[in-house]
Structure formats: C-alpha cells, structure tokens
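What follows is one structure encoded as structure tokens, with my remarks underneath.
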C-alpha cells in the first residue's frame, strides 16, 4: 500500500504545488485569498432570463440523510443540519438533502419522502434554513432547491436491499445476489414514475423551494438509465431514449409547476466497479479484455477512462430544455467511491485509495472545467473539494477566477464545518479543528444504520450514544 501524504503536511501553497507537480496534475491554487470586495467567491451571479441573482459562489451540496422519521418527515436532527446549512453563508443550497419521490425509492428507512402528508414539515425544514440564513446573512441572493431522487438499484426502504433495476449489470447484479430472472422495471412503471417526479416538484414549489434537482448521479435510478444501452423499449438503447424520462419530467414540471426552476446533478463520468484487493487497495473488477465495458456513462469503454461525447449531448439537451443549473459529480459511492468523493480513509464497506486522492480531486475539476468551456450558458457547480481541507478556499478561488466553474460545492465539509463558507467570505482564519479530514465516518455510520453526522469532529455527535456504537463497530472490523 502506498502511503499518500496527508493534506495537513502541506504547510504552504508552494509545498502543495510541488506535490501537484509530482503527480502531473493540471491543478493549481491561489497563494492569497482576496478580500471580500475582490474575491471571485463573493461575486453574485445572475440567472439568465430570470431576473434573479445568487449572492455568492458557495453551494451546499445535497446529501443522503439517515435521520428522518419512518414516514419520511424531518426530525430535529434534520432540522439542526439544515439550520447549519442556512448559517453557512452559502447562497446556493442544492437541496441539502436527497428526498425520495415515492416510498419504494427510498435509500434507507429514514430518508425524507415528499408526499402530501409531509408537505408542512418540508416547508418547515426550508423555513428553518431560510430563517437561520436571514438572521446572519440577509435573505437577498439566496436560492434554495430540493433534490428529488429514486434510489433504484440501491433502494432500501425497509433497511434491506430491495433493488429496482433497469437492466442486468453482471457485476452489480452479482453483488446484490440478483439472477437473470430478477424483474426489470417496466416502461409502464417508468411512465408512472414520471408522474411521481412531477407531483414531487409541484409539492416542492408549494413548500416554497426555488428549484428542484432531477437527480442523475451516483448509481441511482436516473443515472442508471443513462447507461441502459442494452435495455429494449422506450427508455433504453439510444441516448434519445435514455433521456426520454428527463424530457417528460421537465415537460410535466413546466405544466404543473410553472416558474419552478430545474437543475440536474449529474455523474459526468463513471468507472467500472472497484473492489478491495488482498492488501485492501481498490482495484477494478475483472472484465474481459476483448469486450468494451458499456455501463459507464461518460466512459470510454475501458472501464477506467473518460469520453465526454454523450455528456456534451446531455448538456446540450439541458440547454434546449431551458434547464440552467448543472451540478457535476462522478461515479457512485457504492462501487467506485474514490472517483466520487476522494478520501484517504475509506468507509467500512470501501477500499483503500488506489491513487493519491488529489488525483480524484483534479479529475473532477478538470472535467468540470472542460464541460463549462463548451457550455458557457449553463451554470455549473463543481464537486470533490472537501479533500483539499485547508487549501479548499485557495483552490476554489483559483478555479472560479479562471472560469473553470461557477459555484464551489461542499458536502462532507458542510457536516462538520458549514461556517467555512462564511469564514472565507469574511476573511476569518479557518477553524482547523473543524476541517473535514475525510475520515468517512459520515458514510460508515449510515452504512451501520446510524443517524447522519460527523462523529469525529462535531461535538454534538461525539456526545450521542451512536458515537460509541460506531466506535465499537469499527473496533470489530478486521
């Protein structure tokens, strides 16, 4: 196993720049953070044709919560998290949470669920965030969305796997114990699901949200649809068919929720599933050398390479549909987490990184910049910044300044240190004890059925009984 240097070892921009050069990465950072009046991160951005402005270039990313109620309502823990997101200073809130559009699409028994019976509680959730933000930062320039999802292959509405699949994937089917007789979701069921997404968008608008995200990332149902090249029928095969669902949902939202903005979070590239080797380091699953790997949207057929041809076509479609907001990620936390959320420490069901995590950060930043250059009319949010830790602000400033991205998204970092956004905007020194070190406990805990949160660094979660349960489970790991 290679012992990659930890980010804390880089005590100056020059030291980090040396490491980036050793890795041959086209990634840089600014030596000095500019004051608020000059900082690219503090500049507002106008939505084309909407007459609205987003007040700065920070975005809180959507995450999958494990602390809602059994019937899909926010708990006090959910409200606390959203309050902290509001206090963060970020003016773009990309959902804060993945919310299932139907019960069978929940990723866990405590995921939020959008339905008529939950509308008042979801409205309260948004109001909690807005009130917290307004108190500290003022409401001007705030844009709050809600991520709508169906977990598809990774659905666990009752705590055990209950996969909903669009095609038979030889590797992922084997991991889930599915054989060739396991039923695929039918076109008629997908037609009905279009209605679920449209209904959910209408409810989100009624709850006061400014936009909805039609989630196409991380191996969930609509991301799987983009790779359904071998599926027959109206929703598989050609890219036109594989984007039919999106087109129908957007059309329905325009009719039933006029004025509601629409965004799409997209895994812009994907890899073949990885698994731990004998030494625990991730390696690609075996695949016949003579056969292309067809199941990676944005892949080049090798399983570990990138080809953005169809991604460009997808983004052209978003533009033609009047979708202005695109939030880019990569891969899936279930089968290739090192390209999706680079980290030095894997979650309990993961593997040791097969590359310096800086490579994964640079890969996402490079792809996002390439897509932004070709689609300048779209507003892009970039991902994978949390691993940069102390140097996140300097890399974020460099990338926004050069036009490589419009908004810098923070996910894991927002669990332990949501105030990072505001501290940077105010020119306050970073609180080093709150910086996410990518220990991955925020993933390990939910994998064990525990509530969401940062157990190593957030004193609130350190004092909860789940902290000892998590520690005990980790001690039992080989």
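The values are calculated or read from the model by the stated rules, or taken from the named source; none is laboratory data. Note that the coordinates shown come from a computational prediction; the quantities given were computed from them, not determined experimentally. Cβ: placed from backbone, ideal geometry, glycine included. Neighbour counts: every protein chain shown.
Table for the structure above
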read-out: Selection from segment 1-28 of residues that are more than 13 Å from residue 356 (Cβ to Cβ) and assigned to a loop (DSSP other than H, G, I, E, B); value: 11, 12, 26, 28
read-out: Conditions (1) over 25 Å from the mean Cα position of the chain (by Cα); (2) assigned to a loop (DSSP other than H, G, I, E, B): number failed by residue 135; value: (2)
read-out: Verdict on residue 231 being surrounded by fewer than 23 Cβ atoms within 10 Å (Cβ to Cβ), in contact (Cβ under 8 Å) with a residue 12 or more places away in the chain, assigned by TED's automatic domain parsing to the domain that holds residue 73 and not in a helix (DSSP H, G or I); value: yes
read-out: Counted residues, segment 204-219 - those being assigned to a helix (DSSP H, G or I) and either under 11 Å from residue 148 (Cα atoms) or touching a strand residue (DSSP E or B) at 6+ places or on another chain (Cβ under 6 Å) (or both); value: 1
read-out: Given (1) crowded, with 24+ Cβ neighbours inside 10 Å; (2) not in a loop (DSSP other than H, G, I, E, B), index of the condition residue 331 fails; value: (2)
read-out: Residue 427 being in contact with a strand residue (DSSP E or B) (Cβ under 9 Å, 6 or more places away or on another chain) and more than 18 Å from residue 93 (Cα to Cα); value: no
read-out: Single residue of 148, 190, 122 found to be under 22 Å from residue 81 (Cα atoms) and either out of contact with any strand residue (DSSP E or B) (no Cβ under 8 Å at 6 or more places or on another chain) or in a helix (DSSP H, G or I) (or both); value: 122
read-out: Matching residues, segment 277-303, being in contact with a strand residue (DSSP E or B) (Cβ under 8 Å, 6 or more places away or on another chain) and either surrounded by 16 or more Cβ atoms within 10 Å (Cβ to Cβ) or under 17 Å from residue 222 (Cα atoms) (or both); value: 281, 282, 284, 285, 293, 297, 298, 299, 303
read-out: Single residue of 253, 262 found to be in a helix (DSSP H, G or I), within 24 Å of the chain's Cα centre (by Cα) and farther than 14 Å from residue 190 by Cβ; value: 253
read-out: Residue in segment 305-323 that is within 20 Å of residue 276 (Cα to Cα) and outside any helix (DSSP H, G or I) present; value: yes
read-out: Segment 424-447, residues that are farther than 25 Å from residue 87 by Cα and modelled with pLDDT of 90 or more; value: 444
read-out: Residue 71 vs. criteria more than 25 Å from residue 364 (Cα to Cα) and crowded, with 19+ Cβ neighbours inside 10 Å; value: no
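So that you can scan it fast, the table gives a plain yes or no per residue for (1) surrounded by fewer than 21 Cβ atoms within 10 Å (Cβ to Cβ); (2) touching a helix residue (DSSP H, G or I) at 6+ places or on another chain (Cβ under 7 Å):
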| site | (1), (2) |
| --- | --- |
| 388 | no, yes |
| 425 | no, yes |
| 428 | yes, no |
| 435 | yes, yes |
| 441 | no, yes |
| 461 | no, yes |
| 471 | yes, no |
